[in-house]
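The values are calculated or read from the model by the stated rules, or taken from the named source; none is laboratory data. Here the structure is a predicted model, which means the values were calculated and not measured. Cβ atoms come from the backbone with ideal geometry, glycine included; neighbour counts cover every protein chain shown.
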Amino acid sequence: MADLAHIYDQMRASPMNDWVGGSDPEMVGDACISILTRLLPLGGHSRILDFGCGIGRGLVSLHKAGVHPQQLVGMDIMPPVIDFCEEHIVPQLPNTRFELLEGANDHYDRFIEQRQRKSSDVLTEEYRDNFTDAYAFSVFTHLNQADFQTMLHFVSSMLKPGGRFMFTCFELNEFSRHMVLAGQSIFPLDRDRMREAGDVFIAHPDDPLAFIAFDNSLIRKMVWQAGMAVTKVSYGCWMGGGVGDGLQDAIVCTKLPVLKAVEDVQMTPLVQREPEVSDSTASEQMVDIGSINGDGSDKPALQLKKLMQYWKKR
Ligand SMILES: C[S@@+](CC[C@H](N)C(=O)[O-])C[C@H]1O[C@@H](n2cnc3c(N)ncnc32)[C@H](O)[C@@H]1O
């Protein structure tokens, strides 16, 4: 049986725990996975990607929560975190592997040494249409707009059609924008530090990728351009005002499924509310519509509305 307590202890003892956000790794991992399992139906049939896995806090807590997927793959651009996962997690969690991905990030480059890494093209070939589900905690809160789009596209290419991707971010919408501009959000995405005509807010001008927020329409556009659509949103409490469950916003996207032939689509039958009248009575009433309208108008919508009012009154 996996000794998860030992893995968490190794995480606590590692300076890398601070690189990925700090706090107690077990508490953070468990909190993330409780959000994830509420939003995605994961189980033994799942093939799951943890994108930007860091030292594997999410993966280990997923296992702790009783989700034992068919396949679990962690990817990250920082060699030391992948080394950590290979040393401490792979021997303990079955069906789990890690991939070191080529890539740069102004906020994390100081931890990236020269090392052979796999390009996204190579990994796309290896995992094309493979994963049923993917998630990324606190990754898209550290990507510039170009990388945000590229990484959505990359993850989408590895999802099977109809597969789901949950990522966390800071979404600028009417409420969060109002709170940020009023200086009331509990995350410092300061009003003086906007970028890109107000579609992108950052917290630190000298480290823009420390925390970055994007407008909701921009996020939806980028998701769509990656071949997915936003299908669920769970807001975080970062915006203040007592809104949300987790810290960041959790966006669930679904990769567009393969479409069926129209005749194979199962439609739910509509509830039938036929008036209990004989055919002859109904046709007499249809004839009567002109008199209901009172103006002899034959506009169908108006006729239908009047007919319904007529029946309701009876
Ligand atoms: C705040 S940490 C979160 C780590 C992990 N998801 C967790 O919750 O413990 C952000 C992670 O994203 C990774 N990352 C940053 N840019 C990335 C990119 N372009 N592709 C993949 N991972 C990236 C970093 O290396 C880092 O491990």
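Remark: SER138 matches the filter, which requires a residue to be surrounded by fewer than 21 Cβ atoms within 10 Å (Cβ to Cβ) and of a type in the set (Gly, Ala, Ser). Only one of the numbered conditions (1) assigned to a loop (DSSP other than H, G, I, E, B); (2) over 29 Å from GLY43 (Cβ atoms) is not met by LEU247, and that is (2). Of all the numbered requirements in (1) in a helix (DSSP H, G or I); (2) over 21 Å from CYS32 (Cα atoms); (3) aromatic (Phe, Trp, Tyr), PHE201 misses one, and that requirement is (1). For the range 50-81, the set of residues classified as assigned to a loop (DSSP other than H, G, I, E, B) and either modelled with pLDDT under 95 or on the phi < 0 side of the Ramachandran plot (or both) consists of CYS53, ILE55, ALA65, VAL67, HIS68, PRO69, GLN70, ILE77, MET78, listed by residue number. Remark: GLY236 matches the filter, which requires a residue to be assigned by TED's automatic domain parsing to the domain that holds ILE33, in contact (Cβ under 8 Å) with a residue 40 or more places away in the chain, closer than 14 Å to PHE170 by Cβ and surrounded by 15 or more Cβ atoms within 10 Å (Cβ to Cβ). Which members of the range 97-113 meet the condition of being more than 22 Å from the chain's Cα centre (by Cα), more than 8 Å from the ligand (Cβ to nearest atom) and of a type outside the set (A, V, I, L, M)? Residues satisfying the conditions are ARG97, GLU102, ASP106, ASP109, ARG110, GLU113.
Cβ-Cβ distances below 7 Å connect the following pairs, each with a first residue in the range 137-161 that is near the ligand (Cβ under 10 Å from one of its atoms), a second residue that is assigned to a helix (DSSP H, G or I), and a separation of six or more residues or different chains: PHE137/CYS32; PHE137/GLY58; PHE140/PHE148; LEU143/MET151; PHE148/MET222; PHE154/SER120; PHE154/THR124.
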